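I have placed the structure first, in the form of C-alpha cells, so that the comments after it can refer back to it.
Coordinate-derived values only; no laboratory data. Only a predicted model underlies this, so the values are computations on that prediction, with no experimental measurement involved.
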Amino acid sequence: MNAMLVGADTLGNIPGVLDSFGINIHKHLSGRNSSHQRKLDRLPAGTELLILFTDFLGHNVMKHFRELANEEKVKFIACRRSVCSLKQSLECVGFAERCASCPNACAARQGKRKH
C-alpha cells in the first residue's frame, strides 16, 4: 500500500514502522515549507492512504488534505508524530503489523496473502 505523509520535518523511525505494516512511503510533505502549504488540486496518483501528523500542521492544511482524501475516497489517519501514536492509529483502522517470524500468516489475516 502506498501512503502520502503530510507533516514532520524528519521521519525518524516512521519508515520502519510503516514497513512493518506493509505500507510504502509514496510521498512526504513536511508541511512547514510554504510551497508545501499551497493547496494541491489532488493527491498524487497511486496514493492509497493519507497520514497527517497533527503536531506539525495547521488546521487549514489538515482540513484541505482531509477533504482531498474524502473526494478521492482515500483512507486517511491523523495522529501525532510518534511511533506509538502511529501504530495505534493504524491498528484502529484495521491494519495489522507483520510478524518477523511469520510474515505470510500476518499478511493472510489482512487478506493480502503473499506466495
Exercise. Volume per residue, Å³, of the convex hull around the alpha-carbon atoms of segment 37-88?
Worked result: 80 Å³
Problem set entry | Extension reserve of the Ile25-Arg80 stretch, reckoned as 0.36 nm per residue once the Cα distance is removed | 18.1 nm
Seminar exercise, completed: hull vol. (C-alpha, convex hull) per residue for segment 1-99, Å³ -> 87 Å³
Problem set entry | Additional length obtainable on full extension of the chain from Asp41 to Glu91, 0.36 nm per residue less Cα span | 15.1 nm
